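A.B. asks: There's a structure below that I have some questions on.
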Amino acid sequence: MRITVTVDGTSYTDDVEPRTLLVHHLRERVGKVGTVVGCDTSNCGACTVHLDGHSVKSCSVLAVQADGCEVTTVEGLARDGELHPVQKAFHENHALQCGFCTPGMIMQSIDLLADNPDPDEKAVREGLEGNLCRCTGYQNIVRAVRDAAHQMRPGAGPEAERLASDTASRVGAGGE
């Protein structure tokens with residue numbers, strides 16, 4: 001089946017088998033290896049990406065379901081060589097150890113902050129409960145999300161991603 005998916009501002013058209021998971025399509029066909037294959041059962045959240053501005057576990061979405069959609073991966077967050085505020089906060093707050101869960105944690109954190117731009121510790125923990133980390137104990141992850149919330153005022157959620165993708169598309173098409 002032929003699909004067209006915009007990933008991190010670039011349109012990709014591919015023939016895919018109907019059973020291909022979005023996570024495998026992103027990694028194997030598009031080359032977005034920052035999206036991690038964790039459990040293939042949607043339990044760990046390591047494969048979290050944004051699909052039309054909302055976080056999804058890409059191991060539970062078929063590539064054909066993303067046809068005509070916009071996907072943002074952790075690799076599409078930085079702008080002009082600058083890390084996204086959530087990426088920067090994770091780095092500055094030592095919110096990772098092995099790093100395996102980090103891409104999914106960052107993507108889910110951005111979605112959380114789009115819904116709640118000033119979460120308290122409990123809200124952060126609840127917002128990330130579908131994403132597992134086997135190393136950190138979560139304290140630094142919670143601290144990083146709260147730090148990013150303060151840095152991002154008034155917010156930098158999915159709408160900011162969409163605007164950045166629109167700009168990238170215009171630049172790639174000879175606009176701006």
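The values are calculated or read from the model by the stated rules, or taken from the named source; none is laboratory data. Bear in mind that the values here come from a model prediction, so they are computed numbers and not experimental data. A quick note on method: Cβ atoms are made from the backbone with ideal geometry, for glycine too, and the neighbour counts reach across all protein chains shown. When the accessible area is computed, the model is the full protein with side chains, heavy atoms only, and any ligands, DNA or RNA have been set aside. Shrake-Rupley method; radii C 1.70, N 1.55, O 1.52, S 1.80 Å.
Matching residues to (1) in contact with a strand residue (DSSP E or B) (Cβ under 8 Å, 6 or more places away or on another chain); (2) among the basic types (Lys, Arg); (3) over 22 Å from VAL145 (Cα atoms); (4) outside the structural domain of ALA144 (by the TED database):
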residue: PRO18; (1), (2), (3), (4): yes, no, yes, yes
residue: LEU22; (1), (2), (3), (4): yes, no, yes, yes
residue: THR35; (1), (2), (3), (4): yes, no, no, yes
residue: SER55; (1), (2), (3), (4): yes, no, no, yes
residue: HIS91; (1), (2), (3), (4): no, no, no, no
residue: GLN97; (1), (2), (3), (4): no, no, no, no
residue: THR102; (1), (2), (3), (4): no, no, no, no
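A.B. asks: State yes or no: is ASP8 exposed (fewer than 14 other Cβ atoms within 10 Å of the Cβ), in the same structural domain as CYS69 (by the TED database) and of a type outside the set (Lys, Arg)?
C.D. replies: So ASP8 does not fit the description; no.
A.B. asks: Identify, by number, the condition in (1) open to solvent by 60 Å² or more (accessible area, probe 1.4 Å); (2) farther than 14 Å from GLY104 by Cα that HIS24 doesn't meet.
C.D. replies: (1)
A.B. asks: I would also like to ask the following. Among the helices (runs of 4 or more DSSP H) contained in the stretch 83-134, which hold 3 or more residues that are open to solvent by 40 Å² or more (accessible area, probe 1.4 Å) and more than 17 Å from CYS47 (Cα to Cα)?
C.D. replies: Hits in the stretch 83-134: 85-92, 121-127.
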